[in-house]
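Following: one structure in structure tokens, then a few remarks.
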Amino acid sequence: MKPYLLALLAAAAPVWAQAPATPTEQILQRNLNQTERIEQGLQSGSLTVREAGRLQRSEAQVDRIEARAFSDGTLSAQEQARVSAAQNQASRAIAREKHDAQTGDPATASAQRMAAGVERSANQQARTLAGVQQGQVTTTELARIEQGQARLAQRQANAAADGRVGRRDSARIQGSANAQSARIHRQRQGTPG
């Protein structure tokens, strides 16, 4: 490859693609990875909508634990261990659900709606990680973002509880995602709210 192309590609690489350096960044990167695994499972059919909903419920629990851990502006070793244990449990659940005998149909409207919602969550987690890496989001601000992520994941879980995500459910999820997106934007811009 031409040297100028390599320089252009390096300059264009997003900040969130950098290796996480701090424990907080590692936690956020793991959130992103796990959400992407759920999205991939929906798209490949290795997860049903109902399974993805259960996994999103687990992710909501992890987000609430993280929000509590970050709320005082610091992350103690004990809090980090608690978050890691919750993430490990959620990761095992993802692996279990993706490799069981149940399969989903990624072509259904419900699976596509659920996948779109989970993809949006992953995008928001990537933006949050970038904000932390760029110094735009403090740990206490991160706690508020994680509370919002928990609400969004819980809404996704509730919508998928019956194995079907309807248009109305999808609209409510998108409304929550819009509010969460605005919250992330405000935190990254340093705007109160």
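The values are calculated or read from the model by the stated rules, or taken from the named source; none is laboratory data. Since the model is a prediction, treat every value here as computed from it, not as a measurement. Note: ideal-geometry Cβ built from the backbone for every residue, glycine included; neighbour counts use all protein chains shown. Side chains are part of the model used for accessible areas, which takes the heavy atoms of the whole protein and leaves out ligands, DNA and RNA. Shrake-Rupley method; radii C 1.70, N 1.55, O 1.52, S 1.80 Å.
Observations on the model:
- Qualifying positions in the stretch 143-166 - surrounded by fewer than 19 Cβ atoms within 10 Å (Cβ to Cβ), of a type in the set (D, E, K, R) and closer than 14 Å to V118 by Cα: R151
- Being open to solvent by 10 Å² or more (accessible area, probe 1.4 Å) and touching a His at 6+ places or on another chain (Cβ under 9 Å) holds for only one residue in T139, T191, and it is T191.
- All positions within the stretch 68-84 that are among the aromatic types (F, W, Y) and either free of Cβ contacts under 8 Å to residues at least 60 places away in the same chain or farther than 15 Å from E146 by Cα (or both): none
- Applying a threshold of 6 Å to beta carbon distances and a minimum spacing of six or more residues, or different chains, the list of pairs starting in the stretch 94-119 at a residue that is open to solvent by 50 Å² or more (accessible area, probe 1.4 Å) and ending at one that is among the hydrophobic types (A, V, I, L, M, F, W, C) reads R113/V165.
- Residue within the stretch 17-28 that is modelled with pLDDT under 95 and either part of a helix (DSSP H, G or I) or closer than 21 Å to S110 by Cβ (or both) present: yes
- The residues of the stretch 31-65 that are under 21 Å from N158 (Cβ atoms), part of a helix (DSSP H, G or I), open to solvent by 10 Å² or more (accessible area, probe 1.4 Å) and among the polar types (S, T, N, Q), listed by number, are S58, Q61.
- Residue satisfying all of: in the stretch 66-87; surrounded by fewer than 18 Cβ atoms within 10 Å (Cβ to Cβ) and closer than 21 Å to Q124 by Cβ; nearest to the chain's Cα centre (by Cα) among these: R68
- Within the stretch 120-132, the set of residues being open to solvent by 40 Å² or more (accessible area, probe 1.4 Å) and of a type outside the set (D, E, K, R) comprises just one member, N123.
- Odd one out for R168, checked against (1) part of a helix (DSSP H, G or I); (2) touching a helix residue (DSSP H, G or I) at 6+ places or on another chain (Cβ under 7 Å); (3) at pLDDT 95 or above: (2)
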